[in-house]
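What follows is one structure encoded as structure tokens, with my remarks underneath.
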Amino acid sequence: MVVSHERDFLNNVVDHILHLQGGKITLYPGGYDAFERQRAERLAQIEAARANQAVQREKLQEYIAKNSARASTAKQAQSRQKMLSKMQPIAESYNDPTLSFGFPNPTELRPPLITLDMATVGYADVPILKRLNMRLDPDDRVALLGRNGNGKTTLARLLAAQLTPMDGEMSSSGKMKVGYFTQYQVEELDPTDSPIEHMSHLMKGATPAAVRAQLGRFGFSGDKATTRVGKLSGGERARLALALITRDAPHLLILDEPTNHLDVDAREALVQALNAYTGAVVLVSHDRHMLELTADRLVLVDDGTAKEFDGSLDDYIAFVLKGDGGKGDAASKADKKAGEEGRGRGEEQRRGSAESAARYRGADCEVHQGA
């Protein structure tokens, strides 16, 4: 028995799916794709049955209203009244509010957004990635590939102005806004504050309606907007972090493992939201399904640099299985240390990020993180 959010893994391993939803369990034969098809068919059947029942109820009620007072038809009306009272209502399809993602679209900017020219990046005096040549345009969808520890997070932090080049050049659009999501931001959310308090703190000067509208894009409406973060699930906290980093409609989204706290349905909703978003996306994820449906460019972070990968995800998997793919011990240790430091930096890190951006760009590019 396996509990997993990886749909490709489930497709290749299991022959039945036991689905838990709304306090009920249903067993479906086959892998995840088969389950998804069967569930969609089942939901369509339920909705069709509900619609048919609504028509029947309306006809019965109409007959009863017209014929109850007439002696010749009173018995028939009473019979239909009994039929109506015995008719069990068909429950509406379960609507999960956690499946709500809606990224606000940015204003248009001229390309390129970011250009790297023989850049080197690392930590302290230790370079992790060298000879970086890369261009990001407003409509790019880039997936960063590479084994853990090879420097994907290092490159993501460079693009998000968390790090500055040790050598080479990096330039970016002065009006660009960046939304940067990392795993530790979910952990940094204040458990005693509510989503509306988190958002109000960051959207200073915004009207309450604007704050609630941004939260509503990510499923936080009604009581959910005022629930303490400490009572939210991991997936809800991830959605809140995504809501926070996109509050100003960024031109570039950098998402470093955004699906770790999301179930399969929520991941699918995130895929749809990313495909509807008109800005640029840089994605680091182990979710192959998400990469296949969202990424137009593959960049391999390997052997101390990052280059365009000329092939498909199947080609990349073959590449990984063929050799060691560069173990990247230095990058692994540095990224781990950076993550540990990041969890304790909070506001100091965000101020440092803005100062770093100003130093190497001399512009007003904004980088938004979570809490």
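Listing for the model above:
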{"read-out": "In segment 51-75, residue surrounded by the most Cβ atoms within 10 Å (Cβ to Cβ) [restricted to those that are in a helix (DSSP H, G or I) and at pLDDT below 80]", "value": "ALA74"}
{"read-out": "Selection count where residues are in a loop (DSSP other than H, G, I, E, B) and in contact (Cβ under 8 Å) with a residue 60 or more places away in the chain, scope segment 182-195", "value": "3"}
{"read-out": "Flag if GLY23 is open to solvent by less than 60 Å² (accessible area, probe 1.4 Å) and on the phi > 0 side of the Ramachandran plot", "value": "no"}
{"read-out": "Qualifying helices (runs of 4 or more DSSP H) (wholly inside segment 287-353; at least 3 residues being touching a Lys or Arg at 6+ places or on another chain (Cβ under 8 Å), modelled with pLDDT of 55 or more and farther than 30 Å from ALA124 by Cβ)", "value": "288-294"}
{"read-out": "Matching residues in segment 102-140 - criterion: being within 23 Å of GLN272 (Cβ to Cβ) and open to solvent by 30 Å² or more (accessible area, probe 1.4 Å)", "value": "ASN105, THR107, GLU108, ASP137, PRO138, ASP139"}
{"read-out": "In segment 26-50, residue nearest to VAL2 (Cα to Cα) [restricted to those that are open to solvent by less than 50 Å² (accessible area, probe 1.4 Å) and not in a helix (DSSP H, G or I)]", "value": "GLY31"}
{"read-out": "Flag for MET83 being open to solvent by less than 40 Å² (accessible area, probe 1.4 Å), over 28 Å from the mean Cα position of the chain (by Cα) and modelled with pLDDT under 80", "value": "no"}
{"read-out": "Residue that is nearest to ASP263 (Cα to Cα), among those in segment 196-250 that are open to solvent by 10 Å² or more (accessible area, probe 1.4 Å) and basic (Lys, Arg)", "value": "ARG237"}
{"read-out": "Residue satisfying condition, being small (Gly, Ala, Ser) and part of a helix (DSSP H, G or I), within set ALA206, ALA241", "value": "ALA241"}
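The values are calculated or read from the model by the stated rules, or taken from the named source; none is laboratory data. Since this is a predicted model, take the numbers as computed values, not measurements. Please note: Cβ atoms are built from the backbone with ideal geometry, for glycine as well, and neighbour counts cover all protein chains shown. What goes into the accessible areas is simple: the full protein's heavy atoms, side chains included, and nothing from ligands, DNA or RNA. Shrake-Rupley method; radii C 1.70, N 1.55, O 1.52, S 1.80 Å.
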